[in-house]
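Q: One structure, as structure tokens, below. Some questions next.
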Amino acid sequence: MPLLVAGTNGVIALKIAKITGSPICYSQIDRYPDGEKYFRFACDVRGEDVVIFNSMHPNPDEILFETILIAETAYQSGAESVSCVFPYFAYARSIEKVRGEATPIHSIVKMLRNAGIRRIYTVDFHLQENVFGVEHHDLSGMEKLAEYCLEEFSDSFTVIAPDEKAVYWAKRFARKTDSEVIALRKIRIDAENVIVDPVRLELEGDVVIVDDIISTGGTVCQAARIAKKAGCRRVFAACTHAILAGDAMMRILESGIEDVVATDTILSPVSHVSVAETIAAALNF
Ligand code: R5P
């Protein structure tokens with residue numbers, strides 16, 4: 001049975017330990033007086049298959065460095081293998097490069113590999129492919145989100161993918177709810193601004209907008225306005241990772257969206273669905 005290690009944003013490890021009864025190794029994460037990071041295992045990891053849990057939000061750079069520190073310390077302390085679960089993996093959206101901009105994901109995957117991490121688990125990873133160069137398992141919260149929407153929001157609805165990338169998740173979600181999927185198109189204006197193409201649609205009944213991430217809420221709000229204009233009754237939103245930057249939640253509710261649900265890959269006020277069981281199953285407990 002692997003030994004679970006929770007980083008600063010790795011509380012999901014505690015949920016998994018509770019579900020499976022697996023051992024959890026507590027650690028001391030602190031700072032030296034000069035601000036440098038301090039890490040120490042509070043258990044013996046010698047010969048263990050260590051699984052580190054850390055979600056890259058709200059402070060992705062710090063979490064990345066911390067995870068590397070934990071992984072290297074595990075190896076130096078004699079761990080048999082080191083795997084990482086990143087329930088939310090940051091920097092996966094900044095791959096569409098505008099001239100002169102950095103694409104940090106390339107540096108990040110090198111750092112993770114160099115730290116000796118041999119297996120990586122993500123949940124609804126935005127890039128939808130293995131860019132890590134090591135064993136990668138991408139899990140999904142879509143089925144559980146779909147079950148929640150059926151139980152709590154509406155017993156029948158149309159699923160809207162607000163852009164081309166979201167079609168993959170929307171289809172996965174809709175298989176569970178037996179819903180029709182409508183795909184909208186997002187147009188990039190510049191590095192920071194996008195608009196959802198205001199296509200002509202005719203809708204009736206309820207709608208759930210499905211995406212992997214809600215950050216500023218801009219995408220989901222634009223999609224909601226289009227759905228409302230098209231005549232639907234009520235609009236809901238579901239996503240795996242609720243970043244909810246700034247006043248996103250306020251903007252979402254003001255746009256006419258009745259309710260939002262997300263998973264606990266990021267702990268937010270709408271994280272009503274847990275992916276702990278999905279991760280536990282993938283780790284072969
Ligand atoms: C982008 O392709 C993602 O799938 C989401 O649509 C996007 O990250 C949402 O961001 P925001 O909430 O800021 O519009």
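Q: Can you put Tyr168, Tyr148, Tyr121 in order of accessible area, largest first, using a 1.4 Å probe?
A: My answer, sorted largest first, is Tyr168, Tyr148, Tyr121.
Q: Scan the chain and note any complete DSSP helix (H) whose C-alpha atoms cover at least 20 Å along its axis and whose Kyte-Doolittle average is -1.0 or more.
A: Once both thresholds are applied, what remains is 60-76.
Q: Follow-up. How large are Rg and Dmax for the stretch 11-168 when only the alpha carbon atoms are used, in Å?
A: Over the stretch 11-168's Cα set, Rg and Dmax evaluate to 18.1, 57 Å.
Q: Please give the per residue accessible area of the stretch 218-263, computed with a probe of 1.4 Å over protein heavy atoms only, in Å². Can you show the working numbers first?
A: Working: 1790 Å² over 46 residues.
That works out to 39 Å² per residue.
Q: Among Ile12, Ile182, Ile213, which one shows the highest mean-square fluctuation when the chain is modelled as a Gaussian network with alpha-carbon springs under 10 Å?
A: Per the Cα network of the chain with a 10 Å cutoff, Ile182 tops the list.
Q: Would you mind calculating the relative contact order of the stretch 1-124 from Cα pairs under 8 angstrom and at least 6 residues apart, reporting the percent as a whole number?
A: On the way: 223 pairs, mean separation 28.8, N = 124.
The normalised contact order for the stretch 1-124 reaches 23 percent.
Q: Also: Would you give the gap between the C-alpha center of the stretch 2-40 and the C-alpha center of the stretch 122-182, rounded to a whole Å?
A: Computed from Cα coordinates, the inter-centre distance equals 29 Å.
Q: Give the share of C-alpha pairs in each 10 angstrom bin for the stretch 126-285, from 0 to the last occupied bin, in whole percents, shortest bins first.
A: Bins of 10 Å from zero give 11, 41, 35, 11, 2 percent of pairs.
Q: If you line up the Cα atoms of the chain on their principal axes, what length do they span on each, largest first, in Å?
A: Computed over the Cα atoms, the extents are 61, 46, 34 Å.
Q: When DSSP assigns beta bridges and you keep just the ones with both residues in the stretch 168-285, what percent turn out antiparallel, to the nearest 5?
A: Of the beta bridges lying entirely in the stretch 168-285, close to 20 percent run antiparallel.
Q: Using the C-alpha atoms of the stretch 198-268, what convex hull volume per residue, in cubic angstrom, is computed? Intermediate values should be presented prior to the final figure.
A: Details: hull volume 5.0 nm³, N = 71.
Looking at the stretch 198-268, the number lands at 70 Å³ per residue.
Q: Which percent of the accessible area of the stretch 102-166 is formed by carbon and sulfur heavy atoms (probe 1.4 angstrom)?
A: The nonpolar share, carbon plus sulfur, comes to 43 percent.
Q: Can you pull the one-decimal nm distance between simple spin-label points at Arg225 and Glu143, each 7 Å off the Cα toward Cβ?
A: About 3.7 nm, to one decimal.
Q: Kindly identify the stretch 1-92 as rounded, prolate or oblate by the Cα gyration tensor criterion: order the square roots of the eigenvalues as a ≥ b ≥ c, call it rounded if a/c is under 1.5, otherwise compare a/b with b/c, prolate if a/b is larger, else oblate.
A: oblate
Q: Filter the GluC sites (Glu not before Pro) in the stretch 56-117 to those in DSSP coil with at most 14 other Cβ atoms within 10 Å of their Cβ, and list the result.
A: Glu80, Glu96, Glu101
Q: Given 25 °C and 0.890 mPa s, how large is the Stokes-Einstein diffusion coefficient of the stretch 96-212 in µm²/s, with Rh as the Kirkwood radius over Cα pairs?
A: Estimated via Stokes-Einstein, D reaches 148 µm²/s.
Q: Turning to a different aspect of this structure: Leaving out ligands, DNA and RNA, and with a 1.4 Å probe, what % of the accessible surface on the stretch 207-285 is carbon or sulfur?
A: 49 percent
Q: Could you identify which residue out of Ser215, Ser81, Ser107 has the top mean-square fluctuation in a GNM of the chain using Cα springs shorter than 10 Å?
A: Ser107
Q: Counting only DSSP beta bridges with both residues in the chain, what percent are antiparallel, rounded to the nearest 5?
A: Here the share of antiparallel DSSP bridges comes out near 15 percent.
Q: For the chain, what does the relative contact order come out to in percent, with C-alpha contacts under 8 Å and a separation of six or more? Could the numbers behind the result be given before it?
A: Working: 607 pairs, mean separation 39.0, N = 285.
RCO, the chain: 14 percent.
Q: Quick one: what are the phi-derived ³J(HN,Hα) couplings along the stretch 244-253, Karplus 6.51/-1.76/1.60 with θ = phi - 60°, whole Hz, x for glycine and proline?
A: 6, 5, x, 9, 4, 4, 5, 4, 5, 5
Q: Dividing the convex hull volume of the alpha carbon atoms of the stretch 73-161 by its residue count, what do you get in Å³ per residue?
A: 135 Å³
The values are calculated or read from the model by the stated rules, or taken from the named source; none is laboratory data. Keep in mind that this is a model prediction, so the values were computed, not measured. Neighbour counts are summed over all protein chains in view; Cβ atoms, including those assigned to glycine, are modelled from backbone coordinates with ideal geometry. Ligands, DNA and RNA are excluded from the accessible area calculation, which covers all protein heavy atoms including side chains. Shrake-Rupley method; radii C 1.70, N 1.55, O 1.52, S 1.80 Å.
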